[in-house]
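Below you'll find the structure, written out as structure tokens, and then a few comments.
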Amino acid sequence: MNKYKDSQIKHIYINDQIIMYRVFMWDKFTVNMSIDKNDNCINVYTHPNISQKILQEFIEKNILRFHKFIQSKKSNFELNSKASYIYLLNEKYQVQVIQAKSHRKYEIYNKNIYLQCHKPSDKLFLIKKILSDYCNKFVVPLFNQLAKKMQIKNVKLAFRWMVSKYGVCQHSPINKITLGLQTVSYAKEIIEYLIVHELVHVLHPHHQKSFWNCVAQYIPNWKELQNKLHANMLNYIDCDE
């Protein structure tokens with residue numbers, strides 16, 4: 001395979017999912033796609049003379065299938081017994097496990113999170129509980145504040161662990177926004193962008209120009225925040241530092 005050394009990291013929205021991929025230029029006048037065995041990233045190969053329209057159509061047609069294959073090989077976002085740190089509101093906390101005889105609970109002190117675990121599965125349970133508690137304490141009030149500012153009413157908010165999405169907006173039978181528990185890992189300005197993004201979906205259930213124009217009314221620097229978000233998508237809850 002003859003490809004140039006340089007590559008570009010890009011992303012695409014499909015079914016309200018953000019999928020990252022790398023684009024390589026090679027000598028063959030064709031477009032191809034593969035999964036990198038070293039880091040499970042999707043690689044796209046194209047020729048400089050192939051139009052962006054053809055390249056985009058190829059990516060939209062094939063990338064979701066490759067993405068689903070990668071996700072099927074992952075186990076719960078790689079969050080397992082090796083998890084060594086998490087971020088809360090953009091602050092890094094080291095995770096330390098303490099063997100407990102029965103009750104599982106956590107304590108946070110001086111940028112350290114102490115997990116009292118009785119069995120291996122307790123660690124995952126407690127990390128999700130920490131994220132859930134922080135979402136209810138910090139994200140819910142911010143969501144209510146922004147919904148009021150945008151004059152969007154009767155929207156139910158929920159949280160759950162998400163593998164490949166930041167959030168999702170459902171319109172039937174009621175307007176319901178579900179945000180990933182990982183939302184609370186990010187800085188406040190990025191959390192605001194994620195909330196506004198999903199609230200705008202109540203009005204615009206797509207990613208067309210009218211959607212982004214509405215987002216820009218409340219988050220003028222949304223492109224900058226989106227780039228920061230994508231750059232850190234896989235770095236805020238880690239298993240092997």
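Looking at 178, 183, just one residue is modelled with pLDDT of 90 or more, within 15 Å of the chain's Cα centre (by Cα) and part of a helix (DSSP H, G or I), and that residue is 183.
Per the conditions (1) modelled with pLDDT under 70; (2) surrounded by fewer than 12 Cβ atoms within 10 Å (Cβ to Cβ), the sole criterion not satisfied by residue 40 is (2).
A single entry from 189, 224, 198 fulfils the requirement of being touching a Cys at 6+ places or on another chain (Cβ under 9 Å), within 25 Å of residue 9 (Cβ to Cβ) and in a helix (DSSP H, G or I): 198.
Does the range 149-166 contain any residue that is within 18 Å of the chain's Cα centre (by Cα) and either free of Cβ contacts under 8 Å to residues at least 12 places away in the same chain or part of a helix (DSSP H, G or I) (or both)? Within the range 149-166, not a single residue is within 18 Å of the chain's Cα centre (by Cα) and either free of Cβ contacts under 8 Å to residues at least 12 places away in the same chain or part of a helix (DSSP H, G or I) (or both).
Only residues that are in contact with a helix residue (DSSP H, G or I) (Cβ under 6 Å, 6 or more places away or on another chain) and touching a residue at least 60 places away in the same chain (Cβ under 8 Å) were counted across the range 125-148, and they come to 1. When the range 165-186 is filtered for residues that are under 27 Å from residue 92 (Cβ atoms) and open to solvent by less than 20 Å² (accessible area, probe 1.4 Å), the ones remaining, listed by number, are 167, 178, 179, 180, 181, 183, 184, 185, 186. Residues that are without any contact (Cβ under 8 Å) to a residue 12 or more places away in the chain and not hydrophobic (A, V, I, L, M, F, W, C): does the range 182-205 have at least one? The answer is yes, given that some residue of the range 182-205 is without any contact (Cβ under 8 Å) to a residue 12 or more places away in the chain and not hydrophobic (A, V, I, L, M, F, W, C). Each residue in the range 79-116 was checked for being open to solvent by less than 70 Å² (accessible area, probe 1.4 Å), within 18 Å of residue 161 (Cβ to Cβ) and over 26 Å from the mean Cα position of the chain (by Cα), and 0 pass.
Among the residues of the range 126-161, those that are open to solvent by 90 Å² or more (accessible area, probe 1.4 Å) and within 18 Å of residue 87 (Cα to Cα) comprise 137, 160.
The values are calculated or read from the model by the stated rules, or taken from the named source; none is laboratory data. Every value quoted in this text rests on a predicted model; they were computed, and no experiment measured them. Heads up, the Cβs are rebuilt from the backbone with ideal geometry, glycines too, and the neighbour counts pull from every protein chain shown. Accessible surface areas use protein heavy atoms only, side chains included; no ligands, DNA or RNA. Shrake-Rupley method; radii C 1.70, N 1.55, O 1.52, S 1.80 Å.
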